[in-house]
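Notes for the one structure printed next.
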Amino acid sequence: EAQVTQNPRYLITVTGKKLTVTCSQNMNHEYMSWYRQDPGLGLRQIYYSMNVEVTDKGDVPEGYKVSRKEKRNFPLILESPSPNQTSLYFCASRYSGEGQPQHFGDGTRLSIL
Amino acid sequence: SQQGEEDPQALSIQEGENATMNCSYKTSINNLQWYRQNSGRGLVHLILIRSNEREKHSGRLRVTLDTSKKSSSLLITASRAADTASYFCATDASFGRGSTLGRLYFGRGTQLTVWP
């Protein structure tokens, strides 16, 4: 089954404790992306990757890191999480080129205390 | 901001009625996409309309695009309780040189509730 898998689905942690949210897709998509969703603000893009070893900042990259060492994986790293990073996070992927729909994971709800 | 804006923010209707949601945006686009999000789940792609298209259909969905007004509408006909979800428009923006590296800009969504 074609899917984007995020782990964990839920995480409660404390300020400053490094964490990684994994994302994996099995559709051989070139393009992958991370979004955060906050009430009243919609989805905002954090980082995206056009292909392996190619990453770029989205609209809200501060406090986050990503890497794309393999085509299927695109982990999101919070080196020193802070409470303002409490949010619902989504990973998405698609084929490159104009007009390709994005496939989303089911989300990771992070709470930073 | 290139973000699309959906209107209304919330819509409540009875089963069998039609639901219409609107999206306005600011920049020229390559295409506009509509997504659906069930509570607690990821977004699911519904339909895409390109900038040179005016109307598109998919099952009970009808999407229109008016590039002169920078607006789109999503019509769900004969709605069902299972259509209850948030609906988002997303613009694939163009700055006159084609797609901006494939980025999508999402609006804040319309929460649709369909009562049995």
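Please treat every number below as a calculation from the coordinates, not as lab data. Note that the coordinates shown come from a computational prediction; the quantities given were computed from them, not determined experimentally. A quick note on method: Cβ atoms are made from the backbone with ideal geometry, for glycine too, and the neighbour counts reach across all protein chains shown.
Tallying residues that are away from every other protein chain (no Cβ under 14 Å), of a type in the set (S, T, N, Q) and over 25 Å from residue A:14 (Cβ atoms) within region A:54-88 yields 1.
Quick one: in region B:9-45, of everything that is touching a residue at least 12 places away in the same chain (Cβ under 8 Å) and at the interface with another protein chain (Cβ under 9 Å from one of its Cβ atoms), which residue is farthest from residue A:107 (Cα to Cα)?
Kept after step one, since they are touching a residue at least 12 places away in the same chain (Cβ under 8 Å), are these residues of region B:9-45: B:9-39, B:43, B:45.
Okay, now just the ones that are also at the interface with another protein chain (Cβ under 9 Å from one of its Cβ atoms), so B:30-31, B:33, B:35, B:37, B:43, B:45.
On the way: B:30: 27, B:31: 25, B:33: 20, B:35: 15, B:37: 11, B:43: 9, B:45: 15 Å.
Restricting to residues being touching a residue at least 12 places away in the same chain (Cβ under 8 Å) and at the interface with another protein chain (Cβ under 9 Å from one of its Cβ atoms), the top hit is B:30.
Taken together, the residues in region A:89-110 that are more than 7 Å from chain B (Cβ to nearest Cβ), part of a strand (DSSP E or B) and either within 11 Å of residue A:5 (Cα to Cα) or more than 10 Å from the chain's Cα centre (by Cα) (or both) amount to 8.
Between B:103, B:54, which is free of Cβ contacts under 8 Å to residues at least 40 places away in the same chain, more than 14 Å from chain A (Cβ to nearest Cβ) and closer than 30 Å to residue A:30 by Cα? Steps first, please.
On the way: B:103 fails: more than 14 Å from chain A (Cβ to nearest Cβ).
Just one listed residue meets the conditions, B:54.
Where in region A:1-70 are there strands (runs of 3 or more DSSP E), lying wholly inside it, with at least 3 residues that are closer than 26 Å to residue B:5 by Cβ? Talk me through it step by step, then tell me what you get.
On the way: elements: A:4-7, A:10-13, A:19-25, A:31-38, A:42-51, A:54-57.
Strands (runs of 3 or more DSSP E) meeting the threshold: A:31-38, A:42-51.
Here is a check on your reading of the model: is residue A:40 exposed (fewer than 15 other Cβ atoms within 10 Å of the Cβ) and within 23 Å of residue B:109 (Cα to Cα)? Here the answer is yes, as residue A:40 does meet what is asked. Within region A:57-100, being under 15 Å from residue B:104 (Cβ atoms), without any contact (Cβ under 8 Å) to a residue 24 or more places away in the chain and surrounded by 15 or more Cβ atoms within 10 Å (Cβ to Cβ) holds for A:59, A:99.
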